[in-house]
1. Using beta carbons and a limit of 9 Å, which pairs, at least six apart or on different chains, have the first residue in the range 85-104 and on the phi > 0 side of the Ramachandran plot and the second one assigned to a strand (DSSP E or B) and of a type in the set (Val, Ile, Thr)?
2. Quick check on my filter: what residues within the range 66-95 are touching a Ser or Thr at 6+ places or on another chain (Cβ under 7 Å) and polar (S, T, N, Q)?
3. Restricting attention to the range 73-86, does a residue exist that is under 19 Å from ILE6 (Cβ atoms), loosely packed, with under 12 Cβ neighbours inside 10 Å, modelled with pLDDT of 95 or more and not acidic (Asp, Glu)?
4. Does TYR20 qualify as being within 26 Å of ASP121 (Cα to Cα) and among the aromatic types (Phe, Trp, Tyr)?
5. Out of the residues in the range 3-27 meeting the condition of being in contact with a strand residue (DSSP E or B) (Cβ under 9 Å, 6 or more places away or on another chain) and of a type in the set (A, V, I, L, M), tell me which one is surrounded by the fewest Cβ atoms within 10 Å (Cβ to Cβ).
6. Take GLU31 and tell me if it is assigned to a helix (DSSP H, G or I), of a type outside the set (A, V, I, L, M, F, W, C) and exposed (fewer than 14 other Cβ atoms within 10 Å of the Cβ).
7. All but one of (1) touching a residue at least 60 places away in the same chain (Cβ under 8 Å); (2) not in a strand (DSSP E or B) hold for VAL16; which doesn't?
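The values are calculated or read from the model by the stated rules, or taken from the named source; none is laboratory data. Source: prediction; values computed, not measured. Don't worry about glycine lacking a Cβ; one is built from the backbone with ideal geometry, like all the others, and counts go over all protein chains shown.
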Amino acid sequence: MNGDTIALSSFTGKRVLVNYWATWCIPCRKEFPSLLKAEQMLRDENYVFLFPTTDEFELIREFKAKQGYDLRFLKMNSSLASMNILVLPTTEIYGTDGKLFRRISGAMEWDKEQVAKMLKDVP
């Protein structure tokens, strides 16, 4: 959001949860509270949470200010289609080796015990 380019490779050695979303996406908006809780639950588990969207900077800023979410929102430079993302939200989870561990299409309740266990089991 400050104009810096971020590459997934800069997070090698960490587990990364990338949640693709949009300000107009109702399921995306509904899952944010559970993503916030999951981020807190996993704060000691070597995780980075990223929230890229193709929405314009001003829409993202307005959404963040209105909702009060303290999340790492990112403005994407590429299209969702170019990344084969056909459903929002879509979440990709990467292991410490930088390889894709799992892709989940659709909203989830990220703060549930079984989901937290799955995230903790990511290598």
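1. Matching pairs, first to second residue: GLY98/VAL16.
2. SER79, THR90
3. No; the residues of the range 73-86 include none that is under 19 Å from ILE6 (Cβ atoms), loosely packed, with under 12 Cβ neighbours inside 10 Å, modelled with pLDDT of 95 or more and not acidic (Asp, Glu).
4. Yes.
5. ILE6
6. For GLU31, the condition - assigned to a helix (DSSP H, G or I), of a type outside the set (A, V, I, L, M, F, W, C) and exposed (fewer than 14 other Cβ atoms within 10 Å of the Cβ) - is not met.
7. (2)
One line per residue, one yes/no per condition, for (1) over 11 Å from the mean Cα position of the chain (by Cα); (2) among the acidic types (Asp, Glu):
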residue: ILE26; (1), (2): yes, no
residue: LYS37; (1), (2): yes, no
residue: MET41; (1), (2): yes, no
residue: ASP55; (1), (2): yes, yes
residue: LEU59; (1), (2): yes, no
residue: LEU74; (1), (2): no, no
residue: GLU92; (1), (2): no, yes
